[in-house]
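The values are calculated or read from the model by the stated rules, or taken from the named source; none is laboratory data. Because the structure is a prediction, the values reported are computed rather than measured. Glycine also receives a Cβ, built like all others from the backbone with ideal geometry; neighbour counts cover every protein chain displayed. Ligands, DNA and RNA are excluded from the accessible area calculation, which covers all protein heavy atoms including side chains. Shrake-Rupley method; radii C 1.70, N 1.55, O 1.52, S 1.80 Å.
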Amino acid sequence: MPASRFQHTEEIAPAPRHWALLPGAGFADSFRIRLTPQLAQLNTTEITARMMAAQPAWISALLTLRDRLVAPLGLKRASDNGAPAGFPLLMAEPRRVVMGLDDSHLDFRLCVEKSSGHAVEATSDANDVGNVDDVGDQWLTVTTVVRTKRWLGEFYLAAIMPFHRCVARTLLQGLLRAPGRAD
C-alpha cells in the first residue's frame with residue numbers, strides 16, 4: 001500500500017454520540033485519518049498517548065501562550081492539569097478515549113475513537129463506534145465538543161478556532177509520522 005493512502009486528514013460531521021458527550025453544546029467538529037496496519041493494532045489509549053507525545057513544539061508554544069493570556073482572566077491553565085496536553089482523562093475504553101475540562105467560560109470534550117471504515121460511514125447513533133476486529137480499514141477520529149458559557153466563552157472559541165482546526169489536523173498527521181512508527 002502506498003504511504004499516501006494514510007496521509008489524508010478528512011473533516012467529517014460529528015455523530016450524535018459526540019454531541020451527547022456534552023449536552024447543550026453549541027460546537028463540535030470531527031477529523032479522521034486512516035490508520036496504518038501497525039497503528040490499527042493498538043488500543044485507543046495507546047494511540048492517544050502517541051498522538052499527544054508527537055505534538056510539535058509550536059503546539060506546545062501555543063498552549064503556553066494561551067496559559068499566559070488567560071491567567072489574568074481567572075481561567076484554568078492547561079499546564080495545571082498534569083494530563084497529556086493539559087486535558088484530563090474522563091473515560092478510557094479500548095476503542096474510545098474522552099478527555100475534557102469544565103471551566104467558567106466553556107466546557108469541552110475531546111473524544112478519540114477507533115473504528116472500522118464501514119462503521120464510520122454507517123454509524124450515527126449512541127454507542128456503536130464499529131467493531132475494531134472487523135476486516136478492513138481502521139480509522140481514528142478526533143472530535144471536539146464545546147459548550148460555551150457567557151460572552152467570554154463565545155469570544156474565546158472564536159479566537160482559537162483557526163488554531164484549533166490546524167492543531168487537530170496536525171496531531172493526526174503527526175501520529176502517522178511519529179518516530180518509531182513501523183510501516
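Here are the numbers for the structure shown:
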| quantity | calculated |
| --- | --- |
| Matching option when the condition is at pLDDT below 85, at positive phi and in contact with a strand residue (DSSP E or B) (Cβ under 6 Å, 6 or more places away or on another chain), among 180, 136 | 136 |
| Filter result (open to solvent by 10 Å² or more (accessible area, probe 1.4 Å), of a type outside the set (Lys, Arg) and either at pLDDT 90 or above or in contact with a helix residue (DSSP H, G or I) (Cβ under 8 Å, 6 or more places away or on another chain) (or both)) within the stretch 103-113 | 104, 106, 108, 110 |
| Hits in the stretch 7-51 - residues which are open to solvent by 30 Å² or more (accessible area, probe 1.4 Å), in a helix (DSSP H, G or I) and modelled with pLDDT under 95 | 37, 38, 45, 46, 49, 50 |
